[in-house]
Amino acid sequence: MSRREKIYEGKAKILYKGPKPGTLVQYFKDDATAFNAQKKATLNGKGVLNNRISEHIMVKLADIGIPTHFIKRLNMREQLIKEVEIIPLEVICRNVAAGSICKMLGLEEGSALPRSIIEFCYKKDELNDPLVAEEHILAFGWASSAEIDEMTALTLRINDFLCGLFEGIGIQLVDFKIEFGRYTDENGDQMILLADEISPDSCRLWDSVTKKKLDKDRFRHDLGDVVDAYTEVATRLGILKQNPGTPPKLSIVSNEDE
Ligand code: TMP
């Protein structure tokens, strides 16, 4: 891993040059940050869990025809991905009021939204990733009108699918953040791919019955048991083996190439 050429290091992941042109290796760190890195910690095992959870979700999304950057998982912390040009927008989809929308619109956490809401934030740490309108995106050229339409359509399909996937394991998908990238395939065709990750770092996931938070809000708001909550998500998704009598720690199902 350390022999690879590092392309980029973010708060929770590192990108290395991949084995073939047009590929990268995405490494999941145990580092967690919140509030634009004002709060930092290392959560042992988080990277392993997010690698597995994101793989599981990306593979299922590809099965229903969502184009993603994911190629294959390489080991416990790394996956091979297609190299894309990241569109500098965070696309947020909300089903239930939580987080910044509560503050912005004076909503009560957990209150129903009239329908699923999609928001775009400009990816710029120095500015705290501000919420922007389509007007800003077009005027500053961060994405074209066709790209905005494509990202919106894909996000709604991803939301529909993930709501069902999580509902089936007793989890409510409150909201999530995704990122897209531009990719040119071997025939020279250009397309938009789902990139980055989908994990409890980038979603709000509540137990459907108890409303217990099973996501990064446990870290953001010092609720404790962060890795246990991520482990719970992975276990319910069927990624982790549950050993009777012992807490479901990091014994991974089908780790053939670790
Ligand atoms: P927000 O309510 O704080 O705007 O967050 C909306 C969703 O986006 C939530 O699922 C958490 C996720 N998110 C990220 O993945 N990265 C971030 O930097 C922020 C602020 C939120």
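For the reader, a short list of remarks on this structure follows.
- The GluC sites (Glu not before Pro) of the range 1-64 that meet both conditions, a loop assignment by DSSP and at most 14 other Cβ atoms within 10 Å of the site Cβ, are GLU5.
- Relative contact order (percent, whole number), the chain, Cα cutoff 8 Å, 6+ residue spacing: 17 percent
- Karplus-derived 3J(HN,Hα) values for the range 156-173, using 6.51 cos²θ - 1.76 cosθ + 1.60 with θ = phi - 60°, are 5, 5, 5, 4, 4, 5, 5, 4, x, 4, 6, 4, x, 10, x, 10, 8, 7 Hz; glycine and proline are entered as x.
- For LYS29, the amide hydrogen comes within under 5 Å of the amide hydrogens of LYS13, ILE14, counting only partners 5 or more places away or on other chains and with H modelled in the peptide plane.
- Estimated translational diffusion coefficient (Stokes-Einstein, Kirkwood radius over Cα pairs, 25 °C, 0.890 mPa s) of the range 54-158: 155 µm² per second.
- Other-chain or far-sequence residues with amide H under 5 Å of GLY18's (modelled H): THR23, LEU24, VAL25
- Spin-label model distance (nm) - GLN38 vs HIS221, 7 Å beyond Cα toward Cβ: 1.7 nm
- Global form of the range 1-92, assessed from the alpha-carbon gyration tensor, a/c cut-off 1.5: rounded
- Structure-based [θ]222 nm, the chain - -39500 (n - 2.57) summed over DSSP H runs of at least 4, per residue, nearest 500: -8000 deg cm²/dmol
- Distance from the Cα centroid of the range 4-61 to that of the range 69-93 is 9 Å (rounded to whole angstrom).
- Coarse-grained scattering of the range 53-95 at q = 0.21, 0.34 Å⁻¹, given as base-10 log I(q)/I(0) from a Debye sum over alpha-carbon atoms: -0.86, -1.14
- Remark on the chain: hydrodynamic radius 19.0 angstrom, per the Kirkwood mean of 1/r across alpha carbon pairs.
- In loop segments of the range 70-153 as defined by DSSP, the chymotrypsin sites (Phe, Trp or Tyr not before Pro) with at most 14 further C-beta atoms inside 10 Å of their C-beta are PHE140.
- In a DSSP loop and with at most 10 other Cβ atoms within 10 Å, the GluC sites (Glu not before Pro) in the range 96-188 are GLU108, GLU186.
Bear in mind these aren't lab numbers, they're just calculated from the coordinates by the rules spelled out. What you are looking at is a predicted structure, and each value in this text was computed from that prediction instead of being measured. Here the Cβ is made from the backbone with ideal geometry for all residues, glycine too, and neighbour counts use every protein chain on show.
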